[in-house]
Amino acid sequence: MDLSSLNLEQLEAVLHKDGPLLVFAGAGSGKTRVITYRIAHLIREHRVPPRHILAVTFTNKAADELKERLTHLLEGSEVRGLWVGTFHAICARILRESGRAIDIPPNFLVYDEGDQLDVVRRVLVDLDIDEKQMNPRAIRNAISRAKERLTTPEQYREQASDYFERIVAAVYPRYEAYLRAANALDFDDLINKVIELLETQPHVRERYQDQFRYILVDEYQDVNYAQYVLTRLLAEKHRNLCVVGDDDQAIYGFRGAEVELILRFEQDFPDAKVVKLEQNYRSTQTILDAAMKVISQNRFRAPKTLWTTRTGGAPVTLTPARDEDEEARIVAEYILQQVRLGKRRFSDFAVLYRTNAQSRAFEERFMRERIPHQLVGALRFYDRKEVKDILAYLRLVANPDDSVSLLRIINTPPRKIGQATVREVQAFAAERGISLYRALSDPELHARLGSAAQRALLSFVSLIERLREYAQQHSLSDTLKEILRQTGYLEWLQSRRDYESVERVGNVRELVGIALQFETRDALRELEPEEAELSPIMRFLQHVSLASDVDALDEREDRVVLMTLHSAKGLEFPVVFLVGMEQGLLPHALSESPKEIEEERRLCYVGMTRAKDELHLTYALSRGGYEGRRSTLPSPFLRALVVQPMPTLYQVMYGAVASRLSTPSVWQGAARGKSEAPFLPGQRVRHPELGTGVVVRASEANVTVMFPGGKGMRTFSLLDCPLEEA
């Protein structure tokens with residue numbers, strides 16, 4: 001194994017053998033290479049058996065890439081036995097292997113966010129709470145946050161301090177009961193149950209601590225408290241824990257991630273070795289300089305400066321547009337021009353934005369201009385209604401007690417089982433303490449129903465039983481085809497005869513194709529013992545439930561990528577358009593506290609550092625929304641970049657500023673230099689006597705500030721300005 005391609009810092013991280021290791025890996029600094037070589041070095045040079053190594057990645061895509069690189073580096077056979085996967089995938093595997101010790105059978109289902117929402121809605125109905133008054137998604141998120149903090153329903157009830165929290169406290173235990181009845185776990189349970197397993201079963205804890213003698217955790221800045229506790233539990237015996245991350249790229253606070261955990265690693269492990277990877281292999285120095293100017297405004301970060309041997313490079317551009325439609329047109333024109341000149345392929349370009357809603361203008365413009373594109377991070381393939389319907393049938397075949405799946409398809413396609421009948425079934429099942437499926441065949445229930453409802457329910461039960469019997473003798477893909485045939489689902493979709501139904505039929509057929517690919521892949525690999533215990537259907541359902549947005553990205557296709565900044569984490573593109581650089585979008589309007597603003601700035605930094613060769617920033621002067629069209633202000637994050645005039649995209653394309661797009665005077669003044677216009681509209685400033693205010697207008701000569709509390713609007717000359725940044 002040749003280590004000569006590693007730089008000194010990478011080599012230092014790879015050669016470190018025993019004891020805790022913290023690797024601060026800046027954007028594009030080759031961290032995957034370091035993790036790969038470190039594992040390979042442990043196996044090849046130190047003769048560590050692969051089964052004693054655990055590597056935790058942030059996405060399935062990253063796990064697959066790591067396995068592929070290791071297989072190439074170690075010539076395949078030496079990798080067998082290595083555990084690589086996301087926290088959720090690793091924990092699902094541990095529970096299927098050892099969960100019986102805490103009464104979790106290996107054939108449990110994993111409920112995704114949609115399933116969890118369905119359960120919350122069922123509980124709200126039970127509690128007679130109108131979901132229009134109490135948002136089910138907010139309740140689901142609150143339960144998830146509680147689980148991430150390892151807070152039980154009982155503890156949550158004791159801590160509940162306001163009306164919303166008291167509602168959550170009422171929903172939480174019933175939500176848990178529904179999951180238990182369906183033999184299901186949600187994503188948070190996968191981790192929490194492993195923690196429970198390790199804490200309550202000393203022999204199991206000893207087993208996994210001895211098995212995982214070397215642990216590597218990637219993207220450590222994005223772990224939440226539960227994942228932190230799990231990592232500490234597994235590593236506490238041998239202490240060979242290597243964590244790799246970058247606090248400047250911590251962007252998942254809204255999911256419960258705590259950037260403080262990577263910053264306190266040296267307190268947790270005072271003897272930890274710390275290595276900083278600051279050489280960037282992705283971007284030009286011009287792009288890195290701009291990104292560092294933005295991120296250096298954050299106060300709570302480990303000091304580091306990225307550098308590269310790719311000196312110079314195309315200038316970072318900033319382009320205002322009249323509205324979101326012109327913003328999309330500007331981007332589309334540039335892409336078409338570069339492709340037609342033969343300088344770029346469509347797949348070289350990525351359009352990154354803060355919110356999914358921003359994709360609309362780009363999708364419409366790209367369709368009009370016939371620019372091939374793929375949308376990542378919006379509605380997952382597996383979240384589409386028709387796909388979820390067929391998966392619900394498959395889950396019911398695997399586990400008839402899955403009441404969430406049953407309720408989804410009991411009358412889909414329509415089979416004359418109305419809501420009144422369903423409510424009667426639910427009430428009866430609740431009275432008897434049995435699952436909905438078992439209630440369907442109960443003679444006592446039928447005595448309450450009319451003959452038509454009885455026939456419809458028995459026909460449904462007969463359908464599911466036939467499919468269950470078929471599945472025991474046939475392959476996964478054949479079972480899916482049989483589900484479509486016996487339920488009449490495809491014919492039902494096709495009978496609608498509209499464009500949407502054509503697309504839905506295509507999605508259902510795509511699901512069968514995915515199942516075929518899964519079968520082929522399964523046949524070519526050696527299954528782990530706990531996997532072999534599961535049916536192909538259960539293995540496929542776990543694969544589907546743990547799939548993420550980015551897993552759907554097909555990098556082989558020659559298409560422009562449209563995706564949110566959160567989805568872009570870990571990816572790179574030759575040309576990046578970071579669009580919607582406006583106050584209220586980036587930073588987002590809901591981010592108000594200093595901590596939240598710092599995370600938004602990190603999100604901006606992540607977007608900027610996805611670019612390899614070109615980075616183009618755009619913003620709209622007005623944007624449509626729920627309340628109509630409104631004027632917008634440039635993002636205050638741009639202020640850090642105002643150190644020299646930056647050419648617009650039109651200058652790059654045509655060598656001169658196009659007359660059809662006039663840069664607003666506020667930006668012309670700001671672009672000439674910080675000394676002439678150090679303030680931007682929307683920025684918070686402080687006056688020694690008037691207190692804190694917000695900049696309303698700024699030019700190369702004056703700045704106008706609105707002060708609250710009746711003090712009104714004041715204008716100051718920049719020649720003698722008493723204001724400072726708040």
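Details
- Close amide H pairs (under 5 Å, H built 1.01 Å from N) link Arg697 with Thr704, residues at least 5 positions away or on another chain.
- GluC sites (Glu not before Pro) within the stretch 1-110, DSSP loop, no more than 11 other Cβ atoms inside 10 Å: Glu75
- Cα-projected label distance for Val502 with Asn356, points at 7 Å along beta-carbon direction, nm: 2.5 nm
- Neighbourhood net charge (12 Å Cβ-Cβ; Lys/Arg +1, Asp/Glu -1) for Val125: -1
- The distance from the alpha carbon centre of the stretch 597-622 to that of the stretch 137-158 is 33 Å, rounded to a whole number.
- For volume of the Cα convex hull per residue in Å³, calculated from these coordinates, the label among (i) 193; (ii) 214; (iii) 283: (i)
- Structure-based [θ]222 nm, the chain - -39500 (n - 2.57) summed over DSSP H runs of at least 4, per residue, nearest 500: -14000 deg cm²/dmol
- Relative contact order, whole percent, for the chain stands at 15, derived from Cα pairs under 8 Å and 6 or more residues apart.
- Environment charge at Thr704 (Cβ cut-off 9 Å; Lys +1, Arg +1, Asp -1, Glu -1): +2
- The stretch 376-471, relative contact order in percent, only Cα pairs under 8 angstrom and at least six apart counted: 27 percent
- Among the lysines of the stretch 259-417, pairs that are 8 or more positions apart or on different chains and have alpha carbons within less than 25 Å of each other number 6.
- Lys, Arg +1 and Asp, Glu -1 on Cβ, resulting dipole of the stretch 67-134 about Cα centre, debye, nearest 20: 380 debye
- Dipole magnitude for the chain: about 1060 debye, using +1 per Lys or Arg Cβ and -1 per Asp or Glu Cβ, origin at the Cα centre.
- Heavy-atom accessible area order for Leu534, Leu407, largest first, 1.4 Å probe: Leu407, Leu534
- Additional length obtainable on full extension of the chain from Met367 to Lys237, 0.36 nm per residue less Cα span: 41.1 nm
- Whole-number percent relative contact order across the stretch 406-453, with pairs defined as alpha carbons under 8 Å at least 6 apart: 36 percent
- Legend: calculated FRET efficiency, Arg509 to Arg415, from the Cβ-Cβ distance at R0 = 22 Å, rounded to 0.05, equals 0.45.
- Qualifying trypsin sites (Lys or Arg not before Pro) in the stretch 68-140, DSSP loop, other Cβ atoms within 10 Å at most 16: Arg80, Lys132
- Amide H contacts under 5 Å for Ser283, placed H, 5+ residues apart: none
- Extension gain, Tyr163 to Arg686: 0.36 nm times the residue separation minus the Cα-Cα distance gives 184.6 nm.
- Cut-off 17 Å, label 7 Å out along Cα→Cβ of Lys17, residues of the stretch 31-58 by amide N: 38-50, 52-53
- Close amide H contacts of Thr308 (hydrogens built in the peptide plane, cut-off under 5 Å, sequence separation of 5 or more or a different chain): Asn280.
- Protein accessible area in the stretch 352-465, 1.4 Å probe - carbon and sulfur %: 50 percent
- Over all orientations, the stretch 125-199 has a Cα convex hull whose mean projected area works out to 5.3 square nanometres.
- Considering only beta bridges that DSSP places wholly inside the chain, some 30 percent are antiparallel.
- On the beta carbon distance between Asn702 and Glu596, with R0 = 41 Å, the FRET formula returns roughly 0.85.
The values are calculated or read from the model by the stated rules, or taken from the named source; none is laboratory data. This structure is a prediction, so every number in the text was calculated from the model and none was measured. Quick reminder, even Gly has a Cβ in these numbers, built from the backbone with ideal geometry, and neighbours come from all protein chains shown. Heads up: the accessible areas ignore ligands, DNA and RNA and are worked out on the full protein's heavy atoms, side chains in. Shrake-Rupley method; radii C 1.70, N 1.55, O 1.52, S 1.80 Å.
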